[in-house]
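The values are calculated or read from the model by the stated rules, or taken from the named source; none is laboratory data. Note that the structure is predicted; figures quoted are calculated from it, not measured. Neighbour counts are summed over all protein chains in view; Cβ atoms, including those assigned to glycine, are modelled from backbone coordinates with ideal geometry. Calculation scope for accessible area: heavy atoms of the full protein, side chains included, ligands and nucleic acids excluded. Shrake-Rupley method; radii C 1.70, N 1.55, O 1.52, S 1.80 Å.
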Amino acid sequence: MKKKIVLIDDHILFREGVRRILEFEESFEVVAEGDDGEAALGLVEKYNPDVVLMDINMPHINGVQATKQLILKYPEVKVIILSIHDDENYVTHALKSGAQGYLLKEMDSDALIDAIKIVSEGGSYLHPKVTHNLVKEFQRLSKDGSTNNLETIEYRKPFHLLTRRECEVLQLLADGKSNRGVAETLFISEKTVKNHVSNILQKMNVNDRTQAVVMAIRNGWVEVI
């Protein structure tokens, strides 16, 4: 069964570019497009998509408002926010609205496809740069005393759970590296990186890399500088 996708963005050229990327993926089908949050509500009711790709800045009803309304009325629908903003405030509002993913529009095609696959299967996906910024915000709150102080957590690599190479990959994920960035840093192929990430998620018993990074931080398995 193909994953049905509704694409919502008020920039026609951007929508065309995204649609062309998705058309190369045999398991995806873009069933409808719209240019604002109001259109999103009607298209979801009509087409019952698996995933909605939603721009955050749109006229009339913005992406966050539309996502809230969609999740309230159609709790099974999965929403991925598309944005130019990597500020943690935007990300936090999007996730609180019920979105399962947050992608920056500077994403590459592989990230877009991976995000849709992961979110459609019940996981969550954040752009690596966004993950890095959230880690930084977690640090700031920790220093302010708003969370458990990271300084009390002893840094130790999880060699009891992961291989040395997997520990290196996990650290780079916490640093905000994409698969391509990890590959370039470690001088390995992106396919090898994807295999390592899959192994890490399975061993840590989490659904996605964001959960893996959060768990790693809480357990002191990565250095947070």
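Bridgeable lysines around Lys96 (alpha carbons under 27 Å apart, same-chain partners fewer than 8 residues away excluded): Lys3, Lys4, Lys46, Lys68, Lys73, Lys78, Lys105, Lys117, Lys129, Lys136, Lys143, Lys177. Taken about its Cα centre, segment 1-83 carries a charge dipole of roughly 260 debye when the Cβ of each Lys and Arg holds +1 and the Cβ of each Asp and Glu holds -1. Once the 1.4 Å probe is applied to the protein heavy atoms, segment 25-69 comes out at 46 Å² accessible per residue.
If packing is taken as the average number of other Cβ atoms within 10 Å across a peptide's residues, how do 191-197, 175-181 rank, most packed first?
Details: 191-197: 17.3, 175-181: 19.3.
Going by the mean number of other Cβ atoms within 10 Å, highest first, we get 175-181, 191-197.
Estimated translational diffusion coefficient (Stokes-Einstein, Kirkwood radius over Cα pairs, 37 °C, 0.692 mPa s) of the chain: 180 µm² per second. Carbon-plus-sulfur accessible fraction, the chain (probe radius 1.4 Å, protein heavy atoms only): 49%. Counting only Cβ charges, +1 for Lys and Arg and -1 for Asp and Glu, the dipole size of segment 16-63 around its Cα centre is about 60 debye. On a 0 to 90° scale, report how tilted helix 190-204 is relative to the longest principal axis of the chain, with both axes built from alpha carbons and the result rounded to the nearest 10. Around 70 degrees separate the two axes.
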